[in-house]
1. Criterion first (in contact with a Lys or Arg (Cβ under 9 Å, 6 or more places away or on another chain) and of a type outside the set (A, V, I, L, M, F, W, C)) does Thr456 satisfy it?
2. For the structure I just gave you, tell me whether Ala345 is buried (at least 22 other Cβ atoms within 10 Å of the Cβ), in a strand (DSSP E or B), touching a residue at least 12 places away in the same chain (Cβ under 8 Å) and of a type in the set (Gly, Ala, Ser).
3. Give all pairs with beta carbons closer than 7 Å in which a residue from the stretch 607-631 that is in the same structural domain as Asn537 (by TED's automatic domain parsing) meets a residue that is in a loop (DSSP other than H, G, I, E, B) and charged (D, E, K, R); count only pairs at least 6 apart in sequence or on separate chains.
4. Can you pull out the residues in the stretch 275-296 that are touching a Ser or Thr at 6+ places or on another chain (Cβ under 6 Å) and of a type in the set (Asp, Glu)?
5. For Ser539, are the conditions met, namely being among the polar types (S, T, N, Q), touching a residue at least 24 places away in the same chain (Cβ under 8 Å), closer than 23 Å to Pro614 by Cα and not assigned by TED's automatic domain parsing to the domain that holds Gly568?
6. Could you please find all residues in the stretch 588-610 being closer than 18 Å to Gln624 by Cα and small (Gly, Ala, Ser)?
7. Please determine, by comparing only the residues of the stretch 261-277 that are of a type in the set (Gly, Ala, Ser) and closer than 16 Å to Ile220 by Cα, which one is surrounded by the fewest Cβ atoms within 10 Å (Cβ to Cβ).
8. So is Ser300 touching a helix residue (DSSP H, G or I) at 6+ places or on another chain (Cβ under 8 Å), among the small types (Gly, Ala, Ser) and at pLDDT 90 or above or not?
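The values are calculated or read from the model by the stated rules, or taken from the named source; none is laboratory data. From a predicted model like this one, the values you see are computed outputs, not experimental measurements. In this analysis, Cβ positions are derived from the backbone assuming ideal geometry, glycine residues included, and neighbour counts consider all displayed protein chains.
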Amino acid sequence: MKQHIIIALFFIPSFVFAQTYNAESINKKALDVYENAMVALRDGFIKDAIPMLNKAIEYDAGFIDAYLSLAGVYGELKDYKKSVFYYETARAKDTAYFKYYNLPYSINLAGLGKFDQALEAINKFTAIANLGDKSLKSAAYRRQCYQFATDYAGKHGGIEYVFAPENLGDSINSPQSEYLPSFTIDDSVLVFTRRSPDGIGEDFIESNRLKNGYSKSEIIYGQLNDEPMKGAINISQDGEWLVFAGKFPGKGFGEFDLYISYNTPQGWSEPINLGPTINTEYWESSPSLSPDKNALYFSSAKPGGFGGIDLYVSYRGANGKWGAPVNMGAAINTKGDEQAPFIHADNSTLYFTSNGLPGYGGADIYVTRKDTASKWGAPENLGYPINTIENEGSLFVASDAITAYYASDRADTRGGLDLYKFQLRKDIRPAKTLYVQGSVYDAATHKNIPCAVELTDNATQKIITRVQTDETGFYFIALPIGKDYTFTVNRKGYLFYSDMYELRNKAADSFYVKDIPLQPIAVNASVVLKNIQFGFNSSQLEPVSLIELDKLLQLMMDNAGIQILISGHTDNTGTAAKNNQLSIDRAKAVAGYLISKGIDAKRLTWKGFGATKPVADNSTEAGQSLNRRTEFTVTGL
């Protein structure tokens with residue numbers, strides 16, 4: 001009797017066993033029960049075969065095929081521990097008969113994270129003479145995975161890490177599968193996808209964070225749940241947009257398309273197709289919005305990429321429209337499939353899945369980071385046990401840069417896939433962030449103004465983000481910690497706004513409010529240039545001053561008739577004569593920069609006032625700092 005259970009993950013051997021084990025001598029009752037187990041397996045009743053196989057072993061403890069079949073069954077059920085136990089029991093009874101099973105045995109060892117032992121087993125398997133091409137190809141792939149795993153463990157073995165996923169509980173999880181979680185920046189709102197009870201469609205679900213957990217999850221109200229064919233939902237960090245993949249009859253361009261819904265006082269708006277610039281006749285899915293909502297990362301199966309499914313990014317222009325998607329390149333995309341991109345709140349760390357990069361088997365999760373030149377680095381595997389020999393799904397990392405969320409069918413699942421959270425290993429965490437929000441408004445009427453808010457890194461003088469406010473002038477920004485920034489707003493009909501925000505020493509996850517008043521362009525309107533800086537007792541402009549000077553330059557160029565007075569002011573340290581001259585020299589330096597960039601000198605006047613016009617108490621350093629300033633005033637239009 002040469003009948004063996006080899007299912008799903010395993011191959012059917014096409015060789016003859018040299019054996020000492022005599023299958024023909026097995027007890028007749030054991031054989032009859034075993035045959036019934038084989039029928040159950042062929043009909044797909046895998047779990048039903050287990051008691052039959054155990055009964056066969058009761059009838060005959062030397063029935064090796066029954067042990068091997070049990071090992072195969074438990075391997076199919078991903079109960080690697082039991083699978084390995086039964087493989088090793090069979091091996092102990094007859095090592096010669098067992099040697100052909102070293103391939104499936106190795107896979108289950110790897111499922112337990114025992115990659116060194118898996119590598120040893122696969123080497124024993126490939127030492128067998130005259131293996132078929134299929135067996136050799138399968139073994140070569142597994143050896144490559146096990147070798148990667150052992151090498152990875154050697155490189156990261158010194159890092160202390162405990163992987164302990166925590167089920168999000170009954171408020172979130174249900175007997176149906178839950179997956180693809182997405183949170184707002186403060187973790188106050190969670191949205192995710194849940195398989196419908198009929199097992200065919202999907203629903204978008206929402207839950208709100210409470211003091212001790214989450215509210216009972218409910219279907220998101222609105223038309224975005226009208227059609228059953230949808231998934232991969234992503235909520236913007238400010239909670240104002242939902243972007244998702246869907247298949248809405250008569251509204252799409254092909255397979256799954258990307259749609260957007262807006263948060264309105266009446267609830268979530270009717271879904272809007274993102275249009276032919278983003279969507280094609282092929283499959284588009286797994287969207288992820290950058291924290292400033294200016295970049296949209298997603299997967300597409302359209303031709304012209306590097307593999308079956310590639311990652312793309314589209315950037316939103318000043319007019320609010322999405323630009324043509326850009327393939328993320330050969331450093332990230334492979335001949336395989338890259339999916340489930342997630343851009344963190346730091347706007348420079350991207351997680352995604354790939355089955356084309358070196359890994360543990362199936363699709364693994366990787367991280368890539370943007371360098372100072374905004375170039376994405378080489379992807380890094382997140383390692384075991386986050387990645388396993390199975391296909392891994394999407395990952396969401398909270399703004400705290402520590403807590404990660406994912407879907408899994410672990411032992412404590414409420415049914416199918418559940419949502420879990422765990423802590424990321426230190427070396428694969430993104431940068432910590434802090435948050436700034438506020439409103440832009442007319443300084444004269446106090447009415448809110450929709451416009452763009454630009455942030456520049458003071459150290460590099462490079463613009464790091466440009467955020468478009470909503471229609472009420474509200475904006476929300478997540479920023480990497482450890483930096484100082486200049487906030488700038490340019491709006492037609494208004495003097496530009498600029499202010500330095502010192503956040504270098506602020507704590508991660510801290511929250512700040514920065515409301516921005518804009519002065520209408522009018523004669524006698526005045527603006528303090530808060531980021532113009534000079535050397536001590538000097539009129540030499542510091543490099544950081546160029547951020548604001550270039551905004552003033554742009555204002556002069558955009559408004560050809562405007563004339564301004566540049567005034568310099570000092571604190572009361574030193575003599576009046578010295579302060580007066582220093583203030584004149586500093587005002588002149590600002591005018592000189594504008595003239596050097598092509599502004600007609602006739603449009604400029606400059607004057608120094610020394611310490612004669614203080615705006616704060618000179619008895620404190622804080623007051624003196626406010627008094628040391630440069631202003632400009634509109635003198636003509």
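1. So Thr456 fits the description; yes.
2. When the stated conditions are applied, Ala345 does not pass them.
3. Short answer, once both residue conditions are applied: Ala611/Asp571; Asn618/Asp571; Gly623/Asp617; Gln624/Asp571; Asn627/Asp571; Arg628/Asp571.
4. Glu284, Asp292
5. no
6. Result: Gly608, Gly610.
7. Of everything passing the filter in the stretch 261-277, Gly267 is surrounded by the fewest Cβ atoms within 10 Å (Cβ to Cβ).
8. Answer is no for this residue.
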